[in-house]
1. Among the DSSP beta bridges whose two residues both lie in the chain, what percent are antiparallel, rounded to the nearest 5?
2. If you place +1 on the Cβ of every Lys and Arg, -1 on the Cβ of every Asp and Glu, and leave all else neutral, what size is the dipole of the chain about its Cα centre, to the nearest 20 Debye?
3. With helices defined as uninterrupted DSSP H runs, which ones in the chain have an alpha carbon span along their own long axis of at least 27 Å and mean Kyte-Doolittle hydropathy of at least -1.0?
4. State whether the stretch 8-131 is rounded, prolate or oblate according to the following rule on the C-alpha gyration tensor (a ≥ b ≥ c being the square roots of its eigenvalues): a/c under 1.5 gives rounded; otherwise a/b larger than b/c gives prolate, and the remaining case gives oblate.
5. Report, in deg cm²/dmol and to the nearest 500, the calculated mean residue ellipticity at 222 nm for the chain, where each DSSP H run with n ≥ 4 adds -39500 (n - 2.57) and the sum is divided by the residue count.
6. Could you work out the local net charge near V193, counting Lys and Arg as +1, Asp and Glu as -1, over the other residues with Cβ closer than 15 Å to its Cβ?
7. Given the options A74, T25, P96, identify the residue whose Cα lies farthest towards the positive end of the charge dipole of the chain (+1 on Cβ of Lys, Arg; -1 on Cβ of Asp, Glu).
8. Once a ≥ b ≥ c are taken as the square roots of the eigenvalues of the Cα gyration tensor of the stretch 2-229, is the result rounded (a/c under 1.5), prolate (a/b larger than b/c) or oblate (a/b not larger than b/c)?
Amino acid sequence: MLTAIATDLWVAEQPLKYFGLEVGTKMTVIRLSRNQLMVISPIQIDNETISNLNQLGEIIYIVVPNLYHHLFAAEFQSYYPQARLWAVSGMERKRPDLQIDQIISNQTIQSLDGVDYVLVQGFNTLDIRGFLPLNECVFFHQKSQTLIVTDLVFHFDAQSTPKTKFIAKMLGAYKQLRPSLLEKFATQDKVKVQNSIQQILTWDFERIIMAHGSIIERDAKLLFKAGYEWFLEISL
C-alpha cells in the first residue's frame with residue numbers, strides 16, 4: 001500500500017529481516033511530469049500496490065539504488081516491461097539476469113525532471129562475506145525538498161522492534177540519523193565519502209526518506225550533516 005508523503009511523492013513499506021533483525025524496507029515513488037513515475041528500490045509487489053501505482057501514472061523508471069536493494073527488481077520489471085531499469089555500476093556483474101537499460105556510474109550530480117541524483121563513492125557496508133562497497137545512488141526531489149537514500153543512513157526509533165532497538169543502541173544508531181559503527185569501521189576511504197557527502201549537502205532538503213527506519217520530516221539536512229560529521233570525524 002502506498003502512503004502519500006508530499007505532493008508527487010509516496011512510499012510503500014514491507015517487513016524485512018537482515019542478520020535476524022527486523023529492519024523493514026521502503027520503496028519510494030516519485031511522480032515526474034506527464035504522470036510518469038520513478039520507482040526507487042522496488043519491494044515485493046502485490047495487487048494493491050499495482051492498483052495504487054496504476055492510479056498515479058505510468059512507471060517509466062525502476063531504480064536499483066545500490067548493490068543490495070535488487071531482490072525484487074526482476075519481479076517488478078516483469079509487471080512493467082515498458083519501464084527502463086536503472087542500476088548502479090557493479091549490478092551488471094552481480095545480477096547478470098537483470099535487463100539493465102542504464103548503469104549509474106557518474107559521480108557528479110545529474111538531473112532528471114526535477115530530480116537530482118549522485119553516486120556516492122567509498123562507502124562500505126556489512127555483508128555475509130565481510131565489508132563490501134555499497135555503491136549507492138541518492139536522489140533529491142526538488143519539489144518536496146526530500147532527500148531519498150537507501151542504506152547511507154538509518155533511523156531506528158521507538159517504532160522499531162525491541163531487538164532492533166537494542167542492537168541499534170549498541171551500534172550507536174538508535175534515534176540517530178547516521179550509519180552504524182559497523183559501516184564506520186568498514187569504510188576506509190573517507191575522502192571519497194566526504195566528497196560525495198559534500199555534494200549532497202549542496203541540496204536544500206528538509207525531509208529524508210531512508211529504506212530502514214522512520215522518515216525524518218524536519219531539519220533533515222542538519223541531522224544528516226551531524227551524522228556524517230560523526231562518521232567522518234570532521235566538520236562539514
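No lab work stands behind these numbers, since they all come straight from the coordinates. No experiment lies behind these values; they were computed from the predicted model shown. Note that we place each Cβ from the backbone using ideal geometry, even for glycine, and neighbour counts take in every protein chain shown.
1. So the antiparallel bridges in the chain amount to around 65 percent.
2. Working: 22 positive and 24 negative charges, 101 e Å.
With Lys and Arg at +1 and Asp and Glu at -1, about 480 debye.
3. On the way: long enough: none.
Going by DSSP H runs, there are no hits.
4. Since a/c reaches 1.5 but b/c is at least a/b, the shape of the stretch 8-131 is classed as oblate.
5. Value at 222 nm, helices only, nearest 500: -7000 deg cm²/dmol.
6. That sum, taken over residues with Cβ under 15 Å, equals -1.
7. T25
8. It comes out rounded by the Cα gyration axes.
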